[in-house]
Each structure stands twice: as structure tokens, then as C-alpha cells.
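The block underneath contains the structure these notes are about, expressed in C-alpha cells.
Each reported figure results from applying straightforward, stated rules to the coordinates on display, with no laboratory input. Computed from a predicted structure; not experimentally measured. All Cβ positions, glycine included, derive from the backbone under ideal geometry; neighbour counts span all protein chains shown.
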Amino acid sequence: MNHDALSAGKQLPLPFLVREGVTFESYLPGPNSELMDVLRCGTEPYVYLWGSTGVGKSHLLQATCRMQPSAAYLSLGALLAYGPEVLDDLEVLDLVCLDDLEQIAGHGIWERALCDLYNRLRDSGAVLRAAGTVPPGALGLTLADLTSRLHWGPVYHVQELDDADKAKALRSKARARGLDLPEDVARYLLRRQPRDNASLFSVLDYLDQASLAAQHRLTVPFVRAVLDRS
């Protein structure tokens, strides 16, 4: 199955995208090495991961999708407008990854549909990975049976990287796109920018474009000037 679109017995009118370059090799696990090993191994039928925005939950789910020829990654927050019918027929896949579970909390029709999906995936033998910003019991779900199903497998807290690992992740991301990010510039960004991975990587994208446009390497004075203008 093409990882860029879902085809589960019928063609749905929306994409289920896995970002290019999102792999386990491009993820710096830091304190999350046990979780990454569990996801790569794939022997656990159900895994729930939680953590604050930007710690890498979506990266891990999408990297997991790349390991299976028949897999789908779904961000539930992006799908609320389509209705719970998007969960139909997913049991024909080998792997389903559900992100942003907190978005459907309190939506009874979605909670029932997700609970039913868990049952169908169990019967078909498919693997399920789910993620939210908080543990299952703190999601605010109204359906106790769904909370119970989220505990069918291990629950992992995706922890934030420390400063040293964040600097390594930034420099690794820069190298992957052919950009030299000196260590002092990485430390400067950590002091001056929002510290979640998503924000830091977004700033790196912006600096990459600025560096190309100005034909200037990344130095602290150059980065300071670019960011002051933004």
C-alpha cells in the first residue's frame, strides 16, 4: 500500500500523509530509546504514547507506518470535519496509527467509533498505535470502554530531550539537508527560541532559506540579524 494515501477497500477523498524523511533513523530518542525499540520491534499489538506537543509523537507514529506495506497514519484532529466514517474498514490494514486522541474526547459518536475500531482490529489481528497529549485516563473520555481499550497495551510517556540532545537533533536535521549548523549557533537557538522540537525545526527551515538567499553561512551574528527581522 502506498504510504501517501489510504486505500482500505474504497477510496477516501482525503490524504493520509506520512512526511518525507520521517524515519526511526532520523529520530534522536534520548530518554525514549525503550519506546522506540518497542515500536520498531512491532510485537506489541497495542501501544499508547503520550506527551506534550512537539516531543516527537507524530514522528514516531509515522516512522512506524514506514515499516509496514499496509499501514495508515491518521491525525484525528484533522479528521473531525469528515465524521467517524473515516475509521471504517481500517481493520483490513496491518497497522493503524492514530494521533491526537485528545481531539475526540467528549465527542460521543467518535468515541464509540474508535472503540468499535479497537474491537475490529483485535479480531483481524492488526496492530494499533495511538497517541495523545495526556495519559488515557486524563483524556476526558466519556466512554469508559474506550479508556479501558487504550490500556490494552503498554503506555509510554514520550519525554522531552535535554538541551544537549536537542542541539544534536538540530545539527542532525541541518546535516540531513546539507546545512552546516555550528554548535554555538545551536546553543544560541536553544536560548532564544521556543524549545519544543517542532518550533526549533521550523526556525531551522527559515534559517536555511535565509542562508541560501543571502549566500551566508550560519553564524550567531547572522542568525541574530535574521531572527530580529522576522
message = Test of understanding: in a Gaussian network model of the chain with alpha carbons linked when under 10 Å, which of 206, 48, 27 would top the mean-square fluctuation ranking?
response = 206
request  = Would you mind ranking 59, 107, 157 so that the residue whose beta carbon has the fewest other beta carbons within 10 Å leads the list?
outcome  = 157, 107, 59
ask   = Which one of 214, 18, 131 is farthest out on the positive end of the charge dipole of the chain, using unit charges on Cβ (Lys, Arg +1; Asp, Glu -1) and the Cα centre as origin?
value = 214
task = Show the residues, 5+ positions off or on another chain, whose built amide H is closer than 5 Å to the amide H of residue 49.
result = 130, 131, 132, 156
request  = Note down, for region 109-230, the three equivalent ellipsoid semi-axes (square root of 5 times each alpha carbon gyration tensor eigenvalue), biggest first, whole angstrom.
outcome  = 43, 15, 13
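Just add up the charged neighbours of residue 141: K/R +1, D/E -1, any other residue whose Cβ is under 15 Å from the Cβ of residue 141.
Overall, the nearby charge balance is -3.
Among 115, 65, 41, what is the fewest-to-most ranking by other Cβ atoms within 10 Å?
41, 115, 65
So if I place +1 on the C-beta of Lys and Arg and -1 on the C-beta of Asp and Glu, and nothing else carries charge, what would the dipole magnitude of the chain be about its Cα centre? I want it in debye, nearest 20.
Here the size comes out at about 760 debye.
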query = Taking +1 at the Cβ of each Lys and Arg and -1 at the Cβ of each Asp and Glu, which of 155, 143, 179 sits farthest along the dipole of the chain towards its positive end, judged by Cα position relative to the Cα centre?
reply = 179
task = Work out the length of the dipole vector of region 163-229 about its Cα centre, built from +1 on the beta-carbon of each Lys and Arg and -1 on the beta-carbon of each Asp and Glu, and round it to the nearest 20 debye.
result = 40 debye
query = Counting Lys +1, Arg +1, Asp -1, Glu -1, what net charge surrounds residue 230 among other residues with beta carbon under 13 Å of its beta carbon?
reply = +1
query = Once fully extended, how much extra length lies between residue 41 and residue 26, figured as 0.36 nm per residue of separation less the alpha-carbon to alpha-carbon distance?
reply = 3.7 nm
message = Rounded to the nearest 20 debye, what is the charge dipole size of region 30-157 about its Cα centre when +1 sits on each Lys and Arg Cβ and -1 on each Asp and Glu Cβ?
response = 240 debye
FRET efficiency for residue 227 and residue 92, using Cβ-Cβ distance with R0 set to 30 Å, rounded to 0.05 = 0.05
note = Scoring only Lys, Arg, Asp and Glu (+1, +1, -1, -1) among other residues with Cβ under 11 Å from the Cβ of residue 172 yields +4
Dimensionless Rg over Rh [the chain; C-alpha; Kirkwood] = 1.02
